[in-house]
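Here the structure comes first, spelled out in structure tokens, and everything after it is commentary.
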Ligand code: UD1
């Protein structure tokens with residue numbers, strides 16, 4: 001059934017029980033795919049989530065000149081013959097934020113790139129000034145006209161770049177550009193999310209020279225183009241999808257084993273979940289999650305990694321909506337990222353927002369209603385809210401959820417949730 005014509009219906013029928021396999025991370029795999037522009041050969045990326053954004057990224061990279069196929073739903077094979085057209089057209093760029101990640105690899109490899117300017121998301125503007133300033137420091141020249149940016153550099157050179165803010169996307173673009181630059185590039189105040197570590201490990205397998213991986217001080221020594229080669233790699237597990245199943249268990253009750261979850265990538269958010277009364281036990285192969293009778297409120301603030309990611313916040317606010325007590329949630333990355341609050345209010349949640357703060361007064365139970373999914377994480381939060389609501393919750397805008405979630409409905413059904421996709 002076409003995605004646009006689908007809704008998800010959810011009914012609360014009590015505790016969840018069983019095992020959920022946590023797929024690979026969207027925010028890692030899209031960057032790995034873009035990095036495969038850097039070297040000729042055949043790449044094999046495993047533990048790939050079966051999500052719409054991977055399909056869109058494949059279309060974008062195919063338009064640039066890569067050959068991509070998926071022998072299995074969780075495997076992407078990418079062939080780079082070196083015949084690249086360094087142009088990313090509007091129709092594809094506007095569909096996916098991670099398209100900005102082709103900028104660094106194309107510029108450093110081809111010496112030229114023409115990229116449609118990425119737009120914002122539903123939760124606000126997504127500037128790229130840090131990407132541009134960093135690449136300019138490495139010798140790139142930028143022109144902006146007719147909705148496109150054009151960057152040129154015969155060969156980028158090393159530079160010492162200190163970010164005002166540890167931007168995920170800018171760190172990724174500069175690292176991928178620096179691996180083929182002339183000399184040493186130092187990035188201070190670099191972002192150090194697990195997905196960036198995954199990208200750096202992938203680049204090192206390709207023959208790149210990167211020191212300080214996992215820290216906020218990255219040192220990249222450029223190599224000649226012929227030194228980079230294709231590689232095989234397994235994508236890091238998705239910490240946001242893992243948190244989504246924790247939130248589902250938290251509001252529905254029960255106990256889940258999250259296979260392949262990586263608790264060390266989630267230390268701070270797991271600490272808040274424990275404050276809320278969740279019992280979390282690391283397993284050799286994942287994480288066991290058990291819900292209390294009722295969650296307790298706790299204050300939460302989003303921050304760059306290792307702080308609590310902004311992507312967790314819609315899930316956390318949903319959990320707090322049915323917790324005992326009052327909590328203040330502070331958004332430090334995207335001030336406008338509260339749009340889903342109106343939808344939670346339609347379900348009976350008691351939430352007030354003021355600037356980048358939300359005050360959440362827990363109620364015992366939400367009440368099912370039709371709601372909209374405005375972006376990937378907000379959509380997942382609506383599904384979780386439906387598990388905490390009396391009656392039926394119907395979620396529209398399912399295409400947003402499909403961008404980042406690999407069979408959310410099937411995975412929740414398999415552990416006992418009353419949830420299905422239905423025609424709109
Ligand atoms: C990535 C993730 C997104 C996640 C976010 C923060 C992808 C496709 N997206 O987005 O899911 O929510 O990290 O963890 O991987 N900023 C600037 N100038 C810039 C770049 C960023 O001012 O040039 C600001 C942004 O407005 C924002 C903050 O820095 O306030 C964080 O942005 P950044 O870390 O770059 O996030 P993205 O890479 O866009």
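The values are calculated or read from the model by the stated rules, or taken from the named source; none is laboratory data. Computed from a prediction, not measured in an experiment: that's the story for all the values here. Heads up, the Cβs are rebuilt from the backbone with ideal geometry, glycines too, and the neighbour counts pull from every protein chain shown.
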Would you check if there is a residue in the range 78-98 being touching a helix residue (DSSP H, G or I) at 6+ places or on another chain (Cβ under 6 Å), at pLDDT below 95 and under 20 Å from residue 43 (Cα atoms)? yes
Checking the condition within 12 Å of the ligand (Cβ to nearest atom) and under 22 Å from the mean Cα position of the chain (by Cα), which residue from 191, 177 passes? 191
Within the range 213-246, which residues are in a loop (DSSP other than H, G, I, E, B) and free of Cβ contacts under 8 Å to residues at least 60 places away in the same chain? 213, 214, 215, 216, 223, 224
What about residue 35, is it over 14 Å from residue 405 (Cα atoms), out of contact with any strand residue (DSSP E or B) (no Cβ under 7 Å at 6 or more places or on another chain) and either surrounded by 24 or more Cβ atoms within 10 Å (Cβ to Cβ) or at pLDDT below 95 (or both)? yes
Do the conditions hold for residue 306, that is, is it assigned to a loop (DSSP other than H, G, I, E, B) and under 17 Å from the mean Cα position of the chain (by Cα)? yes
Please count how many residues of the range 301-340 are buried (at least 21 other Cβ atoms within 10 Å of the Cβ) and away from the ligand (no atom under 16 Å from the Cβ). 7
Looking at the range 289-300 only, could you name the residues that are under 21 Å from residue 355 (Cα atoms) and either buried (at least 18 other Cβ atoms within 10 Å of the Cβ) or within 16 Å of the ligand (Cβ to nearest atom) (or both)? 297, 298, 300
Residue within the range 64-77 that is within 15 Å of the ligand (Cβ to nearest atom), in contact (Cβ under 8 Å) with a residue 12 or more places away in the chain and buried (at least 18 other Cβ atoms within 10 Å of the Cβ) present: no
The strands (runs of 3 or more DSSP E) lying entirely within the range 326-394 that contain at least 3 residues which are without any contact (Cβ under 8 Å) to a residue 24 or more places away in the chain and touching a helix residue (DSSP H, G or I) at 6+ places or on another chain (Cβ under 9 Å) are none
Restricting to the range 254-288, give me the number of residues that are part of a strand (DSSP E or B) and out of contact with any strand residue (DSSP E or B) (no Cβ under 7 Å at 6 or more places or on another chain). 1
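Results for (1) out of contact with any helix residue (DSSP H, G or I) (no Cβ under 9 Å at 6 or more places or on another chain); (2) in contact (Cβ under 8 Å) with a residue 12 or more places away in the chain; (3) within 14 Å of the ligand (Cβ to nearest atom), shown as yes or no for each residue.
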| position | (1), (2), (3) |
| --- | --- |
| 104 | no, yes, yes |
| 107 | no, yes, no |
| 110 | no, yes, no |
| 138 | no, yes, no |
| 146 | yes, no, no |
